[in-house]
Amino acid sequence: RSEMGRDKVPTGGKAAAAKELAEKKAVADAKAKGVEAMEVRHILVEKHGKAAEIIEIIKSGKMGFNEAAREYSMDKAGKSGLLGWKRKPELDQDFWSAALEVPEGKYTEEPIKTQYGYHIIMVQARK
């Protein structure tokens with residue numbers, strides 16, 4: 001078989017590529033069957049730059065998502081950024097749309113703008 005035309009395997013090898021593919025399939029499957037609700041956490045800040053900085057802190061491992069939410073989020077209503085189970089009408093449309101694209105257990109790698117500010121959104125579960 002020729003390898004031409006195949007997607008490049010991302011750094012991290014075949015196991016990482018397979019995991020990423022499985023996550024993308026899970027997201028596509030959830031969207032196809034329709035998501036009634038998602039259990040979400042978020043970090044809300046005023047500025048895009050601050051949200052991007054927090055994403056880098058989490059990615060680097062200097063701080064976990066929950067710790068970063070306690071430290072930086074303007075929304076102190078949810079403990080560690082937890083919003084709980086939310087249905088589509090309960091969330092800003094841009095927030096909902098972005099959350100649909102996030103694999104369970106992961107977070108947005110780009111800040112998401114809504115009427116409230118900039119969010120980093122983590123999806124814990126869908127139903």
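Failed condition for residue 32, given (1) within 15 Å of residue 102 (Cβ to Cβ); (2) modelled with pLDDT under 95; (3) loosely packed, with under 12 Cβ neighbours inside 10 Å, with all others met?
With (1) within 15 Å of residue 102 (Cβ to Cβ); (2) modelled with pLDDT under 95; (3) loosely packed, with under 12 Cβ neighbours inside 10 Å applied to residue 32, the lone miss is (1).
So residue 94 ticks every box in (1) closer than 13 Å to residue 123 by Cα; (2) modelled with pLDDT of 80 or more but one. Which box is left unticked?
Just one mismatch for residue 94, condition (1).
Those residues that are over 17 Å from residue 116 (Cβ atoms) and of a type in the set (A, V, I, L, M, F, W, C), I need them from region 53-62; list them, please. Show your work before the answer.
Start the filter on region 53-62 by keeping residues that are over 17 Å from residue 116 (Cβ atoms), which leaves 53, 55-62.
Passing the criteria: 55, 57, 58.
In region 60-73, which residue that is in a helix (DSSP H, G or I) and over 13 Å from residue 122 (Cβ atoms) is most open to solvent (accessible area, probe 1.4 Å)?
Initial filter on region 60-73 (in a helix (DSSP H, G or I)): 60, 65-72.
Narrowing further to those that are over 13 Å from residue 122 (Cβ atoms): 60, 70-72.
On the way: 60: 71, 70: 135, 71: 117, 72: 61 Å².
Selected residue: 70.
What are the residues in region 98-127 that are farther than 19 Å from residue 45 by Cα and without any contact (Cβ under 8 Å) to a residue 40 or more places away in the chain, if any?
Once the filter is applied, which keeps residues that are farther than 19 Å from residue 45 by Cα and without any contact (Cβ under 8 Å) to a residue 40 or more places away in the chain, region 98-127 yields only 105.
The values are calculated or read from the model by the stated rules, or taken from the named source; none is laboratory data. What you see is a predicted model, and the numbers here were worked out from it, not measured in a lab. Note that each Cβ is placed from the backbone with ideal geometry, even for glycine, and that neighbours are counted across all protein chains shown. Accessible surface is based on the protein model in full, side chains and every heavy atom, while ligands, DNA and RNA are left aside. Shrake-Rupley method; radii C 1.70, N 1.55, O 1.52, S 1.80 Å.
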